[in-house]
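Here's the structure we're looking at; comments come further down.
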Amino acid sequence: MCATYQLYSDEEENVKIQSIISEVEKKYGEETALKICSGDFFPKSMVPVETQEDGIVLMRWGFPMFQSKQVVFNAREVTLAEKPMFRKSLISKRCLLPASKFYEWDSGKKKLAIRPEDSGIFYIAGLYNEFTLLSGEKQTCVVMITTAPNSQMLPIHNRMPAILADNSIFDWMNAGEGLVPYAGDLWISPVTPVTQ
């Protein structure tokens, strides 16, 4: 289950990431853009999402559970069409979550940073919808879709984010079927704790 990911690059030449940050800055201001590119995303965070209609927009990560402060932040690909929470979004509210890495913990509780080996940015399949929160506020929320793990992820976790290969992004956004585990190689590295 992916509960933490990041969109960050210390390389100025990563044009895609810089473009996303720039679009966030234009729509939401410099302070918001700095927050987006300076840390990890957790459930209930505001995260950048790409939709066909509006380009890059900010959404709250996690669909709210009925009459609860808890959220559903991952959705299993195999149950999307069955679960009422996701069924309508699957038909007409598909999106992309841009990321530079995601995190999982191995069986020894060591934090691992993971991303496609050949990419500084990648896209995870998502669904979004508008909800009325317990506070009465209307909010557009997003869930990250997960698939079965590929062979590299299998020893780490029984699910992984639905990473879209470049040639599958169009199909996903245009109601294509069948998300599959990422077939490319993954870069997996232990995260060294920061000491103060």
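Only one entry of ARG115, ARG94 meets the criterion of being within 24 Å of PHE170 (Cα to Cα), in contact with a Lys or Arg (Cβ under 8 Å, 6 or more places away or on another chain) and at pLDDT 90 or above, and that entry is ARG115.
Please verify whether SER151 is surrounded by fewer than 16 Cβ atoms within 10 Å (Cβ to Cβ) and modelled with pLDDT of 95 or more, treating the condition exactly as stated. Criteria met by SER151.
In region 38-60, the qualifying residues are those that are closer than 18 Å to ASN74 by Cα and without any contact (Cβ under 8 Å) to a residue 40 or more places away in the chain, and the one that is surrounded by the most Cβ atoms within 10 Å (Cβ to Cβ) is PHE41. For region 131-148, the set of residues classified as modelled with pLDDT of 95 or more and touching a Cys at 6+ places or on another chain (Cβ under 9 Å) consists of VAL142, MET144, THR146, listed by residue number. What is the number of the single condition among (1) surrounded by fewer than 12 Cβ atoms within 10 Å (Cβ to Cβ); (2) closer than 20 Å to HIS157 by Cα that TYR5 does not meet? Answer for TYR5: the failing condition is (1).
When we screen LEU133, LEU112, LEU127, LEU96 for residues that are closer than 14 Å to TRP187 by Cα and not β-branched (Val, Ile, Thr), the only hit is LEU112.
May I ask you to list the residues in region 175-192 that are free of Cβ contacts under 8 Å to residues at least 60 places away in the same chain and either surrounded by fewer than 16 Cβ atoms within 10 Å (Cβ to Cβ) or aromatic (Phe, Trp, Tyr) (or both)? Across region 175-192, the qualifying residues are GLY176, GLU177, GLY178, VAL180, ALA183, THR192. Is it fair to say THR132 is surrounded by fewer than 17 Cβ atoms within 10 Å (Cβ to Cβ), touching a strand residue (DSSP E or B) at 6+ places or on another chain (Cβ under 9 Å) and without any contact (Cβ under 8 Å) to a residue 60 or more places away in the chain? In short, yes. From the list ALA113, ALA125, the one residue that fits, being in contact (Cβ under 8 Å) with a residue 12 or more places away in the chain and within 29 Å of PRO84 (Cα to Cα), is ALA125.
Quickly run through region 65-113 and pick out the residues that are of a type in the set (Val, Ile, Thr) and either more than 19 Å from PRO181 (Cβ to Cβ) or within 13 Å of the chain's Cα centre (by Cα) (or both). Write out each step before concluding.
Narrowing region 65-113 to residues of a type in the set (Val, Ile, Thr): 71-72, 78-79, 91.
Residues satisfying the conditions are VAL71, VAL72, ILE91.
The values are calculated or read from the model by the stated rules, or taken from the named source; none is laboratory data. The structure displayed is predicted, hence computed values, not measured ones. Here Cβ is always computed from backbone atoms with ideal geometry, including for glycine, and neighbour counts include all displayed protein chains.
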